[in-house]
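Engineer: Sharing a structure with you now.
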Amino acid sequence: MQSEKDKLVIFDTTLRDGEQSPGASMSKEEKVRIAKLLERMGVDVIEAGFAIASPGDFAAVQAVAQTVKDSTVCSLARAVKGDILRASEALRHARAPRIHTFIATSPIHMQYKLQMEPEAVLQQAVEAVKLARQFTDDVEFSLEDGSRSEPQFMYRIIEAVINAGAGTINIPDTVGYGEPSGYGAIFKRVIEKVPNAERAIFSTHCHNDLGLAVANSLSAVMHGARQVECTINGLGERAGNCALEEIVMAVRTRQDLYPVETGIDTTHIVPTSRLVTAVTGFAVQPNKAIVGANAFAHESGIHQDGILKHRETYEIMRAEAVGWGQNRLVLGKHSGRAAVKERYQTLGVEFSDPDAFNRVFQLFKELADKKHEIFDEDLHSLISGATKSVELYQLHDLEIRSKSGTNPQAQLRLLVDGELQSATAEGSGPVDAAFKAIELIVDSHFELQVYSVNAVTEGTDAQGTVTVRLEKEGRLANGIGADTDILVSSVKAYLDALNSLAGIDHNRSGI
Ligand code: MN
């Protein structure tokens, strides 16, 4: 049956804008794992990175382009030749490549950041689009800080870049200043005033500084936008981007209202959210819409009574529809290599060589000795521990002495670049003592900004996942560690953050 609704293109930028969250760096392997789940979920366009930003970004875009077949793979590029060439090179093996080029169009950005006259900006945008079109038919153009740009100038530049071959026009709310009625009105006016507007798809890209990213995106959709740029868990710069799970479920739940539908298989939402949490260490708050632990938990007696009598009394969506309660197939200490490998395949993880799988299987066996049932979330946390590319510091062993009324003491040994070093320290608590002992060896002088513990799954034998964020002179790194012993998790997380600081370069910007 032919649907009368328009298709809403879902453009996921978890791997690009999401990764610009301070401390959310992902390795190439992690990006490929997330990209595979996005592909399986039915995401139309995956923005895999900003190819020119760093060699790591380039390699990640290239790896995603080589792996993903069913989704378009996109790289960001400023409207300059070097960026576009680099993006096209990274996308060379993509089945469906898109180059996403941008330039700022607001008076404040043109005057102070670019120091360019509007005419020169327009010319540069047109040339960038034409150049990008030499490599692919699928070119997106973004007007950076579009929501604060002069309407007349916007109409002219949009008309010109469509004539130059841009098929998607993105008008981002880069700084999160927009509100629903005004942001939606921009799309309405642009589509009315730009003479060749029917030849392009208009796109939203909203930031959540005022908590309005999803509302603004929906308003734009009501006024003609047919692509939404979004991220899993709303990850992204500052307060984050429009959350994929929220926009997709809003459109789906309110089919009475929105004139669009998406191609997303929503049952993959929760597993993908879990993977992004495991990889970045950014835990989802319990009351977060759709993917928060409490999103479908009904506490009050009146609500519970209503739900039991007739589900729809209080529930507007089914938890199962977004993937809660699925994939709970349990593995245990008697599960063999084949079962574990197969489960990983279902999760979208393939092992490049037998050694990689052997390492993970060894960790699986160690965990299964300590923990009765192993869930998908445990498998994700195991692989995160086994695939870190840089491992300068590793925990060898840890001993904590803790007695009420006295200061706990931690004695630990680390492998530092393969060499065993030991230290003993006291602290106000066992975690504090362990971190002080690490610092005696490493002497990093990073400041601990965030320390949080989350249970990966339920039960007292659950693995505790610890997230730490370290900061020194504006450099930030998140670390994540999982173990059934939260003191071990804590040490692993601290070392993980130090390891990623040892191996990342930070040279980013974007819309
Ligand atoms: Mn952005």
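Engineer: Let's test the formula: R0 of 35 Å, r as the Cβ-Cβ distance of Glu150 and Arg92. What FRET efficiency results, to the nearest 0.05? Walk me through the numbers before you get to the answer.
Structural biologist: Details: r = 38 Å, r/R0 = 1.07.
Step by step, r from the Cβ atoms, then E = 0.40.
Engineer: Something else now. Treating each Cα of region 241-326 as an identical point scatterer and ignoring solvent, apply the Debye formula and state log10 I(q)/I(0) at q = 0.12, 0.19, 0.26, 0.27 Å⁻¹.
Structural biologist: So the normalised log intensities work out to -0.40, -0.94, -1.36, -1.39.
Engineer: Which length gain, in nm to one decimal place, applies between Thr253 and Asp137 when the Cα-Cα distance is subtracted from 0.36 nm times their residue separation? Write down the numbers at each step before the final one.
Structural biologist: Working: separation 116, 0.36 × 116 = 41.76 nm, distance 3.40 nm.
Additional length available on full extension: 38.4 nm.
Engineer: Same structure, new question: In nanometres, what is the gap between the two model label sites at Glu471 and Met222, each 7 Å from Cα along Cα-to-Cβ?
Structural biologist: 3.8
Engineer: On a full-extension model of 0.36 nm per residue, what is the gain between Arg199 and Thr346, subtracting their alpha-carbon distance, rounded to one decimal in nm? Don't skip to the answer; put the middle values down first.
Structural biologist: On the way: separation 147, 0.36 × 147 = 52.92 nm, distance 3.94 nm.
Value of the extension gain: 49.0 nm.
Engineer: For Arg238, project a label point 7 Å along Cα to C-beta. Then give me every residue of region 172-197 with its amide nitrogen under 12 Å of that point.
Structural biologist: Answer for this model: 173-178.
Engineer: Now for a different question. Between the helical axis of 55-67 and the dominant principal axis of the chain, each derived from Cα atoms, what acute angle in degrees is found, rounded to the nearest 10?
Structural biologist: 80
Engineer: Right, something else. Restricting to DSSP H runs of at least four residues, report the calculated mean residue ellipticity at 222 nm for the chain, -39500 (n - 2.57) per run over all residues, nearest 500 deg cm²/dmol. Please report the intermediate quantities before stating the final value.
Structural biologist: Details: 15 runs with 191 residues, N = 511.
Dividing the helical sum by the residues of the chain leaves -12000 deg cm²/dmol.
Engineer: I would also like to ask the following. Rounded to the nearest 0.05, what FRET efficiency do Gln123 and His445 give with R0 = 56 Å and r taken as the Cβ-Cβ distance? Could you check? Before the final figure, lay out each step's value.
Structural biologist: Details: r = 48 Å, r/R0 = 0.86.
Here the calculated transfer efficiency is 0.70.
Engineer: For region 398-490, with all protein chains present and a 1.4 Å probe, just round the carbon and sulfur fraction of the accessible area to a whole percent. Don't skip to the end; give the middle numbers.
Structural biologist: Values: 2150 of 4790 Å².
Carbon and sulfur atoms account for 45 percent of the accessible area of region 398-490.
Engineer: Label points 7 Å out from Cα along the Cβ direction at Ala297 and Asp6: separation in nm?
Structural biologist: Spacing of the two 7 Å Cα→Cβ label points: 4.0 nm.
Engineer: Can you spot the lysines whose alpha carbon is less than 23 Å from Lys5's alpha carbon? Ignore those fewer than 8 places along the same chain.
Structural biologist: Lys188
Engineer: Give me the 1.4 Å probe accessible area per residue for the chain, excluding ligands and nucleic acids, in Å². Can you show the working numbers first?
Structural biologist: Values: 22290 Å² over 511 residues.
Here the per-residue accessible area is 44 Å².
Engineer: Let me ask something else about it. Label Asp305 and Gln394 with points 7 Å out from Cα along Cα→Cβ: what is the distance between them in nm?
Structural biologist: Computed distance between label sites Asp305 and Gln394 equals 5.9 nm.
Engineer: If the chain between Ala356 and Asn407 were fully stretched, how many nm would it gain, using 0.36 nm times the residue separation less the Cα-Cα distance?
Structural biologist: Values: separation 51, 0.36 × 51 = 18.36 nm, distance 4.09 nm.
Computed gain between Ala356 and Asn407 is 14.3 nm.
Engineer: Say R0 is 45 Å: what FRET efficiency, to the nearest 0.05, do Glu192 and Ser452 get from their beta-carbon distance?
Structural biologist: Details: r = 48 Å, r/R0 = 1.07.
The calculated FRET efficiency here is 0.40.
Engineer: Over 5 Å intervals from 0, what percent of Cα-Cα pairs in region 1-117 sits in each interval?
Structural biologist: Taking all Cα pairs of region 1-117, the binned fractions are 2, 12, 20, 20, 17, 12, 8, 6, 2, 0, 0 percent.
Engineer: Now for a separate question. Pull up the cross-link candidates among the aspartates and glutamates for Lys113, meaning alpha carbon to alpha carbon under 16 Å and not fewer than 8 places away within one chain.
Structural biologist: Answer for Lys113, where 16 Å is the Cα cut-off: Glu144, Asp145, listed by chain and number.
Engineer: Return the whole-Å distance between the Cα centroid of region 216-258 and the Cα centroid of region 156-183.
Structural biologist: 16
Engineer: State the three equivalent ellipsoid semi-axes of the chain, derived from the C-alpha gyration tensor as the square roots of 5 times its eigenvalues, in descending order and whole Å.
Structural biologist: Working: eigenvalues 340, 150, 92 Å².
For the chain, the ellipsoid semi-axes come out as 41, 27, 21 Å.
Engineer: Return the carbon/sulfur percentage of the accessible area of region 136-204, one whole number, probe 1.4 Å, all protein chains in place.
Structural biologist: Numbers: 1270 of 2510 Å².
Taking all protein chains in place, region 136-204 shows 50 percent carbon and sulfur surface.
The values are calculated or read from the model by the stated rules, or taken from the named source; none is laboratory data. Not measured: the values here are computed from a predicted model. For neighbour counting, all protein chains shown are included, and Cβ atoms are generated from backbone atoms with ideal geometry for every residue, glycine included. Accessible surface areas use protein heavy atoms only, side chains included; no ligands, DNA or RNA. Shrake-Rupley method; radii C 1.70, N 1.55, O 1.52, S 1.80 Å.
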